[in-house]
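Novice: Got a structure for you, written out below as structure tokens; questions coming shortly.
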Amino acid sequence: MEMIFKILYNIANVALILNFVLVSILIKKRNIDSKYKYLFAYLFSMLTFSSLLEIKRTLGLNNWNFIESFCLIQSFSHFIFLCLFILNEEFKKMEKTLFVSSTVFMILLFAFSIYIDHKFQQYYSISLANFGLIIISIIYFRKLLRSNPDIDLKKSPTFLIAIGTFISSGISMPIYLFARHLKMALDLNTFLLIASIAPFATIVLHSFITYSLAILWNTKK
Amino acid sequence: MEYKKVILLFVFICSLIFVFLTTSIVLVVFKYQKKRRLHKINILDLKTEHENQILKAQIKVQEQTFQHIANEIHDNIGQKLSFAKLQLNVMQDFYNKHQQEIIQEIAEVITESLSDLRNLSRSLSLDFIANNGFIKAVENEIEKLNKSGLYQFKLIVQGDSQFLDLDKELMLFRIVQESLNNVVKHAQAKQILIKLHYTANSLLVNIEDDGIGFDVNKKSNGSGLSNISKRAQSIGGFATINSSTSTGTIIQINIPIYESQKV
């Protein structure tokens, strides 16, 4: 089971690197929409934090609290950059209020998650970030249904990334939320099998991002 | 026991989220596609309406011009030619026999021209269709073209003929005129058959010729054929054009007779 988890985890990392390279090329060489800078920022931050965690794991630094606390920032970046990308279209007053209040709410919840359980803070924070992203995706879908329908959903990068975020956040949220209890309730193999859903969700998200970037690559020649 | 509850709760929440995700995505995509389809139909309707308005304005201007020319022919040129013919008849007595024959020939040419001008005036004027109806106007058009002696025309009227709205009759007549004009200009036809088939709800107009035909799919420079379709659509009907080099061309126009009915 550990093997499956590791394979999925590595595939998710490869997808992250691939998307980062793709978006960097697209931003540098093609005249794409400025909102993709948020996607770039998202991928860059995820890559940075993943690298730091990988370094930590390789060096076997189990008590490196400094890096541990990075998980909070990683969760926050995960929420904030994807959120900014999905809701990038002109913010109306209500959406702006929603965005600001949800961000403040997220910060408070992150702080609260540290307070209730320091050891499992990363799981709670990721779970909260995913919950926030589900809400943001719903706001986007609502906005989409209210706007003038002149886009082909199959070819809309923002819609595809929003769908990817919605699915991946939806399927990984309960894993992180119940991680602590599951770890205690299940044997390691079963836990790892269930925990494999988390990297699988990341792969799903990155597949949607890759597909969206491929669409941009083909249309912005 | 505690752990069992946690696992059950986990499974329950996962199932709930799965159902929520699937339903939401299907709902969003389905609703959006439906809205998009309706939006496209609306745009298409607006476009068609706009095109119809432009066409109606064009037709109105054209009819006004035709009416003006018809009035000019009837009131001005016709009167002047009639006066010239009268003067020639008066002049005849002052000349010798040979000169009288020449004057007679000139008078005959003027008579023929007057007749041609009268026919032309009729085919251009709205009054002729308003007073005599669509069938008479078509007969008059055929009579006018028959004078060239190049074509054999046949007009068949089937069913119980009836008067339609003046706008429809006028539009139909202009379509027939445009079609016949195309036959004369391009078809190299010898025989032309015009069939008017009246049913309870619609009128089917068939214009067939045995000419050289053309490729319907090929884009032509002229706007005659598209004009026929647009004019038919503007009165709630439609036109189909079939043509091949071996069988000539068939133009079929189907028009609803009552205002509320669309074919």
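Novice: So in segment B:86-142, with the set limited to residues that are of a type in the set (Gly, Ala, Ser) and over 19 Å from the mean Cα position of the chain (by Cα), which one is surrounded by the most Cβ atoms within 10 Å (Cβ to Cβ)?
Specialist: The initial filter retains those residues of segment B:86-142 that are of a type in the set (Gly, Ala, Ser), namely B:107, B:113, B:115, B:121, B:123, B:125, B:130, B:133, B:137.
Checking which are over 19 Å from the mean Cα position of the chain (by Cα) leaves us with B:107, B:113, B:115, B:121.
On the way: B:Ala107: 18, B:Ser113: 15, B:Ser115: 12, B:Ser121: 21.
Among those that are of a type in the set (Gly, Ala, Ser) and over 19 Å from the mean Cα position of the chain (by Cα), it is B:Ser121.
Novice: Filter segment A:155-166 down to residues that are touching a residue at least 40 places away in the same chain (Cβ under 8 Å) and within 9 Å of chain B (Cβ to nearest Cβ), then give me how many there are.
Specialist: Total satisfying the criteria: 1.
Novice: Another one. Tell me which residues, restricted to segment B:149-199, are in a strand (DSSP E or B) and among the basic types (Lys, Arg). Give the steps one after another, and end with the answer.
Specialist: First, pick out the residues of segment B:149-199 that are in a strand (DSSP E or B): B:152-158, B:191-198.
Listed by number, the residues that qualify are B:Lys154, B:Lys195.
Novice: Looking only at segment A:173-221, filter to residues that are more than 10 Å from chain B (Cβ to nearest Cβ) and among the polar types (S, T, N, Q); which one of those is nearest to A:Ser127 (Cα to Cα)?
Specialist: Among those residues, the one meeting the criterion is A:Thr202.
Novice: For residues that are within 30 Å of A:Leu182 (Cα to Cα) and either part of a helix (DSSP H, G or I) or within 9 Å of another protein chain (Cβ to nearest Cβ) (or both), tally how many sit in segment B:1-41.
Specialist: To start, the set of residues in segment B:1-41 that are within 30 Å of A:Leu182 (Cα to Cα) comprises B:1-25.
Now restrict to residues that are either part of a helix (DSSP H, G or I) or within 9 Å of another protein chain (Cβ to nearest Cβ) (or both): B:2-25.
Selection size over segment B:1-41: 24.
Novice: Pick from segment A:187-208 the residues that are hydroxyl-bearing (Ser, Thr, Tyr) and assigned to a helix (DSSP H, G or I): which of them is farthest from A:Phe159 (Cα to Cα)?
Specialist: Among those that are hydroxyl-bearing (Ser, Thr, Tyr) and assigned to a helix (DSSP H, G or I), it is A:Thr190.
Novice: (1) closer than 25 Å to B:Ala189 by Cβ; (2) touching a helix residue (DSSP H, G or I) at 6+ places or on another chain (Cβ under 6 Å); (3) in a helix (DSSP H, G or I): which one isn't true of B:Phe66, the others all being true?
Specialist: (1)
Novice: Identify, from the list B:Phe83, B:Phe30, the residue that is under 44 Å from the mean Cα position of the chain (by Cα), aromatic (Phe, Trp, Tyr) and under 30 Å from A:Ser137 (Cβ atoms).
Specialist: On the way: B:Phe83 fails: under 30 Å from A:Ser137 (Cβ atoms).
Of B:Phe83, B:Phe30, the one residue that is under 44 Å from the mean Cα position of the chain (by Cα), aromatic (Phe, Trp, Tyr) and under 30 Å from A:Ser137 (Cβ atoms) is B:Phe30.
Novice: Of all residues in segment B:190-206, which are touching a Leu at 6+ places or on another chain (Cβ under 9 Å) and touching a residue at least 60 places away in the same chain (Cβ under 8 Å)? I'd like the intermediate steps shown before the answer.
Specialist: Restricting attention to segment B:190-206, the residues satisfying the condition of being touching a Leu at 6+ places or on another chain (Cβ under 9 Å) are B:190, B:192-198, B:203-206.
Of everything in segment B:190-206, just one residue is touching a Leu at 6+ places or on another chain (Cβ under 9 Å) and touching a residue at least 60 places away in the same chain (Cβ under 8 Å), namely B:Leu196.
Novice: Collect the residues in segment A:143-154 that are in a helix (DSSP H, G or I) and either surrounded by 14 or more Cβ atoms within 10 Å (Cβ to Cβ) or at the interface with chain B (Cβ under 9 Å from one of its Cβ atoms) (or both), keeping them in residue-number order. It would help to see each step written out before you state the result.
Specialist: Initial filter on segment A:143-154 (in a helix (DSSP H, G or I)): A:143-146, A:153-154.
If the condition is that a residue be in a helix (DSSP H, G or I) and either surrounded by 14 or more Cβ atoms within 10 Å (Cβ to Cβ) or at the interface with chain B (Cβ under 9 Å from one of its Cβ atoms) (or both), then A:Lys143, A:Leu144, A:Leu145, A:Leu153 are the ones that fit.
Novice: Does segment B:215-222 include one or more residues that are surrounded by 13 or more Cβ atoms within 10 Å (Cβ to Cβ) and at positive phi?
Specialist: Within segment B:215-222, not a single residue is surrounded by 13 or more Cβ atoms within 10 Å (Cβ to Cβ) and at positive phi.
Novice: I'm trying to understand the selection: among the residues of segment B:86-100, which are over 29 Å from B:Ile73 (Cβ atoms) and part of a helix (DSSP H, G or I)? Even if it seems obvious, please write down each step before you answer.
Specialist: The initial filter retains those residues of segment B:86-100 that are over 29 Å from B:Ile73 (Cβ atoms), namely B:93-100.
Residues satisfying the conditions are B:Asp93, B:Phe94, B:Lys97, B:His98, B:Gln99, B:Gln100.
Novice: Which one is nearest to B:Asp167 (Cα to Cα) among residues in segment B:49-61 that are without any contact (Cβ under 8 Å) to a residue 12 or more places away in the chain and not acidic (Asp, Glu)? Steps first, answer last, please.
Specialist: To start, the set of residues in segment B:49-61 that are without any contact (Cβ under 8 Å) to a residue 12 or more places away in the chain comprises B:49-50, B:53-54, B:57-58, B:60-61.
Those still in the list that are not acidic (Asp, Glu) too: B:50, B:53-54, B:57-58, B:60-61.
Working: B:His50: 19, B:Gln53: 14, B:Ile54: 16, B:Ala57: 13, B:Gln58: 14, B:Lys60: 10, B:Val61: 14 Å.
Applying the filter and picking the extreme gives B:Lys60.
Novice: Tell me, which residue of segment A:123-142 that is surrounded by fewer than 23 Cβ atoms within 10 Å (Cβ to Cβ) and under 18 Å from B:Phe30 (Cα atoms) is farthest from the other protein chains (Cβ to nearest Cβ)?
Specialist: Among residues in segment A:123-142 that are surrounded by fewer than 23 Cβ atoms within 10 Å (Cβ to Cβ) and under 18 Å from B:Phe30 (Cα atoms), the one farthest from the other protein chains (Cβ to nearest Cβ) is A:Ile139.
No value in this document is a laboratory result; all are computed from the given coordinates. Quantities reported herein were computed from a predicted structural model and do not represent experimental measurements. Note that each Cβ is placed from the backbone with ideal geometry, even for glycine, and that neighbours are counted across all protein chains shown.
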